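Here the structure comes first, spelled out in structure tokens, and everything after it is commentary.
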Amino acid sequence: MEAKNLWVEQIEQLLLEVEQQIEFHENDLFVVGCSTSEIIGEKIGTAGGLEVAEVLFTPLRAFANRNNIHLAFQGCEHINRAITMERATQLHYRLPEVSVIPVVRAGGSMSAYAYTHFSDPVVVEHVQAHAGIDIGQTLIGMQLKPVAVPIRLSIKKIGEAIVLIAKTRPKLIGGERAFYG
């Protein structure tokens with residue numbers, strides 16, 4: 001099977017399993033960190049490209065649309081892991097916009113691809129997402145609300161990239177006498 005078809009099959013299966021394990025609420029924020037280099041079996045930040053990002057973008061956007069959630073893409077360390085999103089998402093969450101345009105070598109291929117394919121893209125410095133996917137160990141934890149909870153799925157990799165999924169839950173406070181519903 002051609003690599004691109006395999007990646008599509010892997011991401012689609014993974015997203016179906018995510019839908020079975022995470023109960024989304026309308027307007028939840030879902031963050032994606034993705035190393036296209038890791039997917040093709042290379043060191044993060046060294047060999048990725050827009051053609052790999054293109055393969056994943058459509059299934060991710062369809063997933064967000066099906067679940068009525070907002071999609072955001074974490075950039076690489078060269079833009080301090082800033083987040084690319086639709087302006088409607090930025091306005092909904094009242095996030096301050098920053099001045100940067102992600103490109104393949106400074107922002108990452110996935111963020112750059114999203115920026116050119118969103119209808120009205122903006123970049124914000126950081127978010128507190130309800131859930132997310134980390135493809136290739138891009139460290140999305142800084143973009144998740146506390147408390148992050150890992151989700152175990154049958155799909156462990158997309159291409160050669162290790163995949164981690166996380167959802168979040170409210171903090172448990174109050175100690176031993178508190179009740180958690």
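Summary of computed values
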{"item": "Selection status of Gly49, small (Gly, Ala, Ser) and either surrounded by fewer than 24 Cβ atoms within 10 Å (Cβ to Cβ) or touching a Pro at 6+ places or on another chain (Cβ under 6 Å) (or both)", "result": "yes"}
{"item": "Any hit, segment 18-37, residues being at pLDDT 95 or above, touching a Pro at 6+ places or on another chain (Cβ under 7 Å) and polar (S, T, N, Q)", "result": "no"}
{"item": "Restricting segment 127-150 to residues that are of a type outside the set (A, V, I, L, M) and in contact with a helix residue (DSSP H, G or I) (Cβ under 6 Å, 6 or more places away or on another chain), the residue that is surrounded by the most Cβ atoms within 10 Å (Cβ to Cβ)", "result": "Gly136"}
{"item": "Checklist (1) more than 12 Å from the chain's Cα centre (by Cα); (2) small (Gly, Ala, Ser); (3) modelled with pLDDT of 95 or more applied to Gly132, failing item", "result": "(1)"}
{"item": "Restricting segment 1-15 to residues that are surrounded by 14 or more Cβ atoms within 10 Å (Cβ to Cβ) and free of Cβ contacts under 8 Å to residues at least 60 places away in the same chain, the residue that is farthest from Ser154 (Cα to Cα)", "result": "Lys4"}
{"item": "Odd one out for Leu91, checked against (1) in contact (Cβ under 8 Å) with a residue 24 or more places away in the chain; (2) surrounded by fewer than 18 Cβ atoms within 10 Å (Cβ to Cβ); (3) farther than 20 Å from Ile151 by Cα", "result": "(1)"}
{"item": "Any hit, segment 66-81, residues being surrounded by fewer than 19 Cβ atoms within 10 Å (Cβ to Cβ), in contact with a strand residue (DSSP E or B) (Cβ under 6 Å, 6 or more places away or on another chain) and within 15 Å of Ala112 (Cα to Cα)", "result": "yes"}
{"item": "Residue among Thr116, Thr138 that alone is out of contact with any strand residue (DSSP E or B) (no Cβ under 9 Å at 6 or more places or on another chain) and among the polar types (S, T, N, Q)", "result": "Thr116"}
{"item": "Failed condition for Val52, given (1) in a loop (DSSP other than H, G, I, E, B); (2) under 26 Å from Lys167 (Cβ atoms); (3) at pLDDT below 95", "result": "(1)"}
{"item": "His25 vs. criteria surrounded by fewer than 16 Cβ atoms within 10 Å (Cβ to Cβ) and not aromatic (Phe, Trp, Tyr)", "result": "yes"}
{"item": "Long-range neighbours under 7 Å by Cβ, at least six apart or interchain, first residue surrounded by fewer than 21 Cβ atoms within 10 Å (Cβ to Cβ) within segment 160-178, second assigned to a helix (DSSP H, G or I)", "result": "Glu160/Glu38; Glu160/Ile39"}
{"item": "Test: residue in segment 77-84 that is among the small types (Gly, Ala, Ser), more than 16 Å from Val163 (Cα to Cα) and at pLDDT 95 or above", "result": "yes"}
{"item": "Wholly enclosed strands (runs of 3 or more DSSP E) of segment 59-143 bearing at least 1 residues closer than 24 Å to Gln10 by Cβ", "result": "70-74, 83-86, 131-135"}
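The values are calculated or read from the model by the stated rules, or taken from the named source; none is laboratory data. Since the model is a prediction, treat every value here as computed from it, not as a measurement. Heads up, the Cβs are rebuilt from the backbone with ideal geometry, glycines too, and the neighbour counts pull from every protein chain shown.
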